[in-house]
1. Quick check on residue 569: is it within 28 Å of the chain's Cα centre (by Cα) and more than 15 Å from residue 516 (Cα to Cα)?
2. With a cut-off of at least 3 residues that are among the aliphatic types (A, V, I, L, M), name the strands (runs of 3 or more DSSP E) lying wholly within the stretch 196-271.
3. Looking at residue 256, is it in contact with a Cys (Cβ under 6 Å, 6 or more places away or on another chain) and modelled with pLDDT under 95?
4. Would you mind finding the one in 116, 127, 136, 107 that is over 28 Å from the mean Cα position of the chain (by Cα) and of a type in the set (D, E, K, R)?
5. Which number in (1) within 15 Å of residue 497 (Cα to Cα); (2) crowded, with 22+ Cβ neighbours inside 10 Å marks the one condition that residue 595 misses?
6. Kindly evaluate residue 43 against the criterion of being crowded, with 18+ Cβ neighbours inside 10 Å, in contact (Cβ under 8 Å) with a residue 40 or more places away in the chain and within 15 Å of residue 279 (Cα to Cα).
7. In the stretch 57-162, which strands (runs of 3 or more DSSP E) lie fully inside it and hold 1 or more residues that are over 28 Å from residue 344 (Cα atoms) and of a type in the set (S, T, N, Q)?
8. Within the stretch 258-317, can you find the residues that are among the small types (Gly, Ala, Ser) and more than 29 Å from residue 84 (Cα to Cα)?
Amino acid sequence: MRITQNCYSGAEQRPQATALTASPACRLSASQACATFAQRLELAVSGAGLFWLEPDPTSGIQALWRLTARGPEPFGPAGLSVRSRINGYGGGSLAALDSGVFLVSEDQQIHFLADDGRCQRLTDEPDAAFGGLVADPHRQRVLAVREAGGRQQLVAVSAEQGIRVLHAGQDFYGAPALSADGRQLAWVSWQLPDMPWIRTTLWTAVVTESGCLRGCETWPTATEGSVQQPVYAGSGLWVLSDHRGWWQPWCLDPDGADGDWVNGGGPPLDHANAPWQLGESHHVPLPDGGWARVHYRDGSGELWLYHPHCAGQRVAAEFSDFRCLRLTAGKLVCIARSATRLDAIVNVDPHSGAAEVVAGGEVPEQLQSLALPMLFEVPSGGSDVPAFSGFLYRPNLTVSASSPLILMVHGGPTSAAYPVFNPQVQYWCQRGFAVAEMNYRGSSGYGRAFRLALAGGWGEVDAADMERAADCLGTSGLVDGQRIFIQGRSSGGYTALMALARSRRFAAGASLFGVTDPLQLRAATHRFESGYLDWLLGPPQHHPQRWHERTPRHLCDQIRAPVIFFQGGQDAVVVPEQTRAMVAAMKASGQSPELHWFEDEGHGFRRPVNQARTLEWLYAFYGRQGAKSGDRGANLS
């Protein structure tokens with residue numbers, strides 16, 4: 001097993017974790033761990049300024065902020081909450097003109113918030129949702145994706161003309177891209193049952209003087225692939241496409257040798273992550289003809305600058321993930337994430353590479369010492385079982401095999417774990433636990449083949465990888481191999497339950513609103529993911545036995561470890577009946593599962609008080625199970 005001491009190559013000095021020697025009074029409480037998880041989301045730039053979103057974990061409001069000469073300030077009327085829910089995951093809630101900012105409010109309608117604070121509602125369609133906003137400054141309007149009546153359209157919205165449909169007929173649309181002169185438009189679409197990281201189509205069109213589209217055409221790749229994030233640079237159109245195995249930059253050239261596609265260079269790494277949301281940006285052209293691009297290497301994001309005729313330069317190395325790259329006033333601006341601080345808005349000089357935090361990036365006062373992530377690799381299990389990696393957080397570098405371990409399974413499952421600040425991980429490490437976040441097969445950031453390895457194998461290959469990780473870490477001398485717990489949320493809860501059913505490696509497990517009946521989920525899931533379950537498990541009419549064997553509710557007699565469940569009474573994704581049926585089946589098989597119910601929560605607990613209670617109940621549960629497994633020295637009090 002390959003272990004890297006930490007995940008940083010920057011020069012910043014970082015504190016070593018000393019959590020186990022700290023007194024209980026210095027610990028991060030469960031309430032603090034949930035209240036300090038501040039994030040920065042989305043960016044929009046224009047002559048009106050730099051705008052972003054900050055969720056308030058207490059009120060649930062996703063507030064709009066602006067950078068001014070006085071520093072960061074809230075912008076807009078009190079109580080304004082900005083959030084798109086298109087496709088269930090939203091994205092692209094902001095787009096800016098020099099006179100103000102377009103936004104999607106909680107009512108899912110588009111509003112224009114002028115620079116003087118006046119707010120004008122531009123759409124009035126209660127049954128519609130909008131997202132993927134892109135400003136069209138040439139026509140003083142905003143381009144958007146609209147979803148209504150079970151279909152999507154590419155539309156333009158303005159105060160003078162209302163809503164104009166630009167393109168329709170595809171099942172789903174990605175955020176559009178407009179050329180600098182406003183005369184060319186590009187976008188991607190995809191059709192059911194595909195997800196946007198499996199197969200998409202690139203479109204281009206001419207924007208006429210009247211603002212309509214003419215000459216809409218598609219640009220097929222040489223082999224099947226997922227195309228995302230079109231960007232116009234000069235006279236060329238650039239995208240990130242994985243039809244050669246990685247999401248890499250490609251330029252459209254009608255005279256090119258690869259079916260109009262020219263490889264834009266860059267290492268064989270993903271330059272983006274899975275597009276669950278609209279409006280992401282992992283590459284942006286620089287004023288001198290160069291590029292800023294994000295590379296994902298071993299689960300971490302790296303920011304690179306490329307200038308004409310020069311080798312690439314990595315910048316802002318103290319950060320480990322980058323989102324929403326934008327260019328404003330000659331500076332690169334983005335959201336940067338680190339393992340040692342909250343999300344930051346960062347300006348980067350494209351010439352010198354110097355990075356400056358202009359908003360966020362706080363270090364919570366309650367955390368004077370931090371457990372830092374160590375990259376580790378689980379070796380290959382054969383030609384068909386590739387190696388994979390994860391991040392291990394240890395409570396104290398001087399403690400070895402005494403620490404119980406919580407294996408965290410990320411959701412998605414086509415998502416990823418990143419080595420970024422998570423106060424809840426620090427909560428566990430301060431209490432003597434090690435935590436490992438795994439990027440099992442199916443995770444994004446490791447190339448197309450690794451990502452698609454989960455097709456038909458959900459509940460098998462991911463569960464097998466979690467068992468391999470437990471075996472690898474359990475025999476490494478880094479943790480107590482007899483006290484390994486597994487925990488997951490949503491699809492991660494499903495993987496945790498399947499791992500518990502197939503393996504005796506785990507002392508206990510936790511499912512937070514986890515899937516227990518995929519067939520029931522298939523019947524209730526939203527349109528965006530309506531074909532996803534068939535991709536993960538194969539169509540049920542063709543593989544009925546597989547669906548039965550991959551349903552945790554049918555495997556209760558194979559789960560011997562204690563399990564704790566958390567469920568929201570208003571969950572419309574994993575409906576409450578799923579968890580009730582799973583708990584009842586486990587009791588019928590002679591077990592005693594714990595169930596904690598939050599009637600006021602949906603899919604993913606939003607109220608800090610409920611998040612804190614969940615942490616406290618998990619801590620008590622793991623403490624009891626660890627004691628049953630034999631105390632090997634860690635202080636779990």
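1. Yes; evaluated as a whole, the condition is true for this residue.
2. 201-207, 227-233, 236-241
3. On the way: in contact with a Cys (Cβ under 6 Å, 6 or more places away or on another chain): no; modelled with pLDDT under 95: yes.
In short, no.
4. Details: 127 fails: over 28 Å from the mean Cα position of the chain (by Cα); 136 fails: over 28 Å from the mean Cα position of the chain (by Cα); 107 fails: over 28 Å from the mean Cα position of the chain (by Cα).
Sole residue among the options that is over 28 Å from the mean Cα position of the chain (by Cα) and of a type in the set (D, E, K, R): 116.
5. Of (1) within 15 Å of residue 497 (Cα to Cα); (2) crowded, with 22+ Cβ neighbours inside 10 Å, only one is false for residue 595: (2).
6. So residue 43 passes the test.
7. 119-121, 151-158
8. 259, 264, 265, 266, 289, 290, 311, 312, 316, 317
The values are calculated or read from the model by the stated rules, or taken from the named source; none is laboratory data. Only a predicted model underlies this, so the values are computations on that prediction, with no experimental measurement involved. Here the Cβ is made from the backbone with ideal geometry for all residues, glycine too, and neighbour counts use every protein chain on show.
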